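K.L.:
This is the structure, below, for whatever I ask next.
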Amino acid sequence: MEFGRPGPRIEVPAALADSLAGADRQVWTAGLPALAEEFLDRWELRPDGPPAHGVVALVLPVLRSDGSPAVLKLQPVDEETRDEALALRTWGERHAAGVLDSDPDSGTLLLERLDAARSLATVPDDTAALQGLAELLAQLTAARAPAGLRRLADIARGMLDQVPSSSGLLADTSERRLLAACAAAVRDLLDEPGDRLLHWDLHYDNVLAPLPSGQAPGRSRWLAIDPKPLAGDPGFELLPALRNRWSDVVATGDVPRAVRRRFDLMTEVLGLDRRRAAGWTLGRVLQNSLWDIGEGAAALRPEQAAIALALLGT
């Protein structure tokens with residue numbers, strides 16, 4: 001098979017097609033095989049294994065014309081994906097997957113291939129995994145956000161505007177009070193939105209090890225993938241890690257204590273002010289809850305409510 005000639009037509013995994021709801025996304029999905037073939041040809045790539053996918057992106061393992069491994073990532077362009085290449089390039093290959101090529105018009109990326117079998121989720125010891133994530137997050141948030149990124153300040157104001165109409169859709173009055181407490185914490189921090197480059201989705205599965213060929217002196221042992229770039233306070237980054245392996249938290253028999261232990265480890269490694277970090281974590285709970293309510297939920301997710309209760313008063 002020649003480079004740039006993919007042979008059999010690329011098929012969209014059924015689970016990815018199902019997740020891309022809405023008329024616009026369905027149109028994009030229908031054109032995805034042709035888009036993949038276009039970039040396999042344009043960038044002289046050859047498929048090198050079965051495709052993978054997340055909620056919105058198709059990821060194809062490929063070989064470049066020189067035989068080096070890479071991945072072709074195809075995703076719709078929206079406010080969450082449009083600045084992914086900018087964020088990865090800002091962090092550089094020391095802390096994130098390298099960008100080999102990109103097409104901003106289509107959102108298509110050619111990225112360094114990392115070891116998909118070695119994410120932080122595969123580290124057996126939860127404390128060691130959390131330590132590794134926190135150390136990487138400290139490096140990522142050391143970077144100032146480039147101009148033009150979405151801002152946490154604007155997102156936070158938008159969330160607060162939604163609270164009055166959304167809160168009443170919760171069936172439990174105690175959950176309405178909890179949502180109000182999260183909103184109050186955000187309101188207190190509106191004048192301190194921060195200016196760091198945030199990943200916004202850094203959980204264990206979005207932290208991979210480099211391939212042996214990608215290891216180099218001074219490079220992090222763990223590298224970030226799949227950012228949803230945002231300019232803001234690093235405290236807004238903590239919730240995904242607090243929720244990782246939630247069954248481990250529950251298994252301790254003391255959920256509030258286990259949540260605070262994770263929170264303390266992360267804030268110490270990142271050098272964060274605990275009050276601000278707790279407030280922005282409550283803001284993240286608020287954001288996720290508003291999304292859920294917007295999709296018809298009448299109750300908060302138990303793990304998010306538990307995290308909020310554990311951090312209130314921190």
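The values are calculated or read from the model by the stated rules, or taken from the named source; none is laboratory data. In this text the structure is predicted, and so the values were computed from the model without any measurement. Neighbour counts run over all protein chains shown; Cβ positions are idealised from the backbone, glycine included.
K.L.:
What pairs can you find where one residue is in segment 169-195 and closer than 21 Å to R151 by Cβ, the other is surrounded by 14 or more Cβ atoms within 10 Å (Cβ to Cβ) and charged (D, E, K, R), and their Cβ atoms are less than 8 Å apart, with a gap of 6+ or different chains?
P.N.:
From residues that are closer than 21 Å to R151 by Cβ, the pairs are L189/D233; L189/R276; L190/R157; E192/D233; E192/R276; P193/R151; P193/D233; G194/D233.
K.L.:
Residue check, E295 against (1) in contact with a Lys or Arg (Cβ under 6 Å, 6 or more places away or on another chain); (2) surrounded by fewer than 17 Cβ atoms within 10 Å (Cβ to Cβ), all met but one. Which one?
P.N.:
(1)
K.L.:
Go through P212, P193, P164, P217 for me and flag whichever is surrounded by 14 or more Cβ atoms within 10 Å (Cβ to Cβ) and either assigned by TED's automatic domain parsing to the domain that holds P124 or among the charged types (D, E, K, R) (or both).
P.N.:
Exactly one of P212, P193, P164, P217 is surrounded by 14 or more Cβ atoms within 10 Å (Cβ to Cβ) and either assigned by TED's automatic domain parsing to the domain that holds P124 or among the charged types (D, E, K, R) (or both), namely P193.
K.L.:
In segment 130-150, which residue that is among the aliphatic types (A, V, I, L, M) and out of contact with any Lys or Arg (no Cβ under 8 Å at 6 or more places or on another chain) is surrounded by the most Cβ atoms within 10 Å (Cβ to Cβ)?
P.N.:
First, pick out the residues of segment 130-150 that are among the aliphatic types (A, V, I, L, M): 130, 133-134, 136-138, 140, 142-143, 145, 147, 149.
Okay, now just the ones that are also out of contact with any Lys or Arg (no Cβ under 8 Å at 6 or more places or on another chain), so 133-134, 136-138, 140, 147, 149.
Values: L133: 27, A134: 20, L136: 23, L137: 24, A138: 16, L140: 23, A147: 6, L149: 19.
Checking each candidate, the answer is L133.
K.L.:
For segment 131-141, does any single residue satisfy the condition of being free of Cβ contacts under 8 Å to residues at least 12 places away in the same chain, of a type outside the set (V, I, T) and in the same structural domain as R221 (by TED's automatic domain parsing)?
P.N.:
To start, the set of residues in segment 131-141 that are free of Cβ contacts under 8 Å to residues at least 12 places away in the same chain comprises none.
Within segment 131-141, none of the residues are free of Cβ contacts under 8 Å to residues at least 12 places away in the same chain, of a type outside the set (V, I, T) and in the same structural domain as R221 (by TED's automatic domain parsing).
K.L.:
Only one residue in W222, W200 is closer than 18 Å to L111 by Cα, in contact with a helix residue (DSSP H, G or I) (Cβ under 8 Å, 6 or more places away or on another chain) and outside the structural domain of E84 (by TED's automatic domain parsing), so which one is that?
P.N.:
After ruling out the rest, the residue left standing is W222.
K.L.:
Which residue out of L282, L270, L290, L286 is under 20 Å from Q139 (Cβ atoms), assigned by TED's automatic domain parsing to the domain that holds P164 and within 20 Å of the chain's Cα centre (by Cα)? Step through it out loud before you land on a result.
P.N.:
On the way: L282 fails: under 20 Å from Q139 (Cβ atoms); L290 fails: under 20 Å from Q139 (Cβ atoms); L286 fails: under 20 Å from Q139 (Cβ atoms).
Exactly one residue qualifies, and that residue is L270.
K.L.:
Taking the condition touching a residue at least 24 places away in the same chain (Cβ under 8 Å), under 26 Å from A231 (Cα atoms) and among the acidic types (D, E), does E80 pass?
P.N.:
yes
K.L.:
Could I ask something else about it? Just give me the residues in segment 273-309 being of a type in the set (F, W, Y) and touching a residue at least 24 places away in the same chain (Cβ under 8 Å), in sequence order.
P.N.:
Of everything in segment 273-309, just one residue is of a type in the set (F, W, Y) and touching a residue at least 24 places away in the same chain (Cβ under 8 Å), namely W280.
Each row is one residue, and each column tells you yes or no for (1) small (G, A, S); (2) out of contact with any His (no Cβ under 9 Å at 6 or more places or on another chain); (3) without any contact (Cβ under 8 Å) to a residue 60 or more places away in the chain.
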{"residue": "A209", "(1), (2), (3)": "yes, yes, no"}
{"residue": "G214", "(1), (2), (3)": "yes, yes, no"}
{"residue": "W222", "(1), (2), (3)": "no, no, no"}
{"residue": "D233", "(1), (2), (3)": "no, yes, no"}
{"residue": "D248", "(1), (2), (3)": "no, yes, no"}
{"residue": "G253", "(1), (2), (3)": "yes, yes, yes"}
{"residue": "R260", "(1), (2), (3)": "no, yes, yes"}
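K.L.:
Additional query: Within segment 39-74, work out how many residues are assigned to a strand (DSSP E or B) and of a type in the set (V, I, T).
P.N.:
Pass one, segment 39-74, residues assigned to a strand (DSSP E or B): 46-47, 52-53, 58-63, 69-74.
Still in the running and of a type in the set (V, I, T): 59, 62, 71.
Number satisfying all stated conditions: 3.
K.L.:
Does A153 satisfy being in a helix (DSSP H, G or I) and surrounded by 19 or more Cβ atoms within 10 Å (Cβ to Cβ)?
P.N.:
no
So that you can scan it fast, the table gives a plain yes or no per residue for (1) modelled with pLDDT under 95; (2) surrounded by fewer than 24 Cβ atoms within 10 Å (Cβ to Cβ); (3) among the basic types (K, R):
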site: N244; (1), (2), (3): yes, yes, no
site: P256; (1), (2), (3): no, yes, no
site: R261; (1), (2), (3): no, yes, yes
site: S289; (1), (2), (3): no, no, no
site: P302; (1), (2), (3): no, yes, no
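K.L.:
Take the residues in segment 25-53 that are buried (at least 17 other Cβ atoms within 10 Å of the Cβ) and either touching a residue at least 60 places away in the same chain (Cβ under 8 Å) or in contact with a helix residue (DSSP H, G or I) (Cβ under 6 Å, 6 or more places away or on another chain) (or both); name whichever of them is farthest from A231 (Cα to Cα).
P.N.:
My answer is L45.
K.L.:
Could you tell me whether D226 is farther than 30 Å from R94 by Cα and of a type in the set (D, E, K, R)? Spell out how you get there, then give the answer.
P.N.:
Working: farther than 30 Å from R94 by Cα: no; of a type in the set (D, E, K, R): yes.
No, not satisfied.
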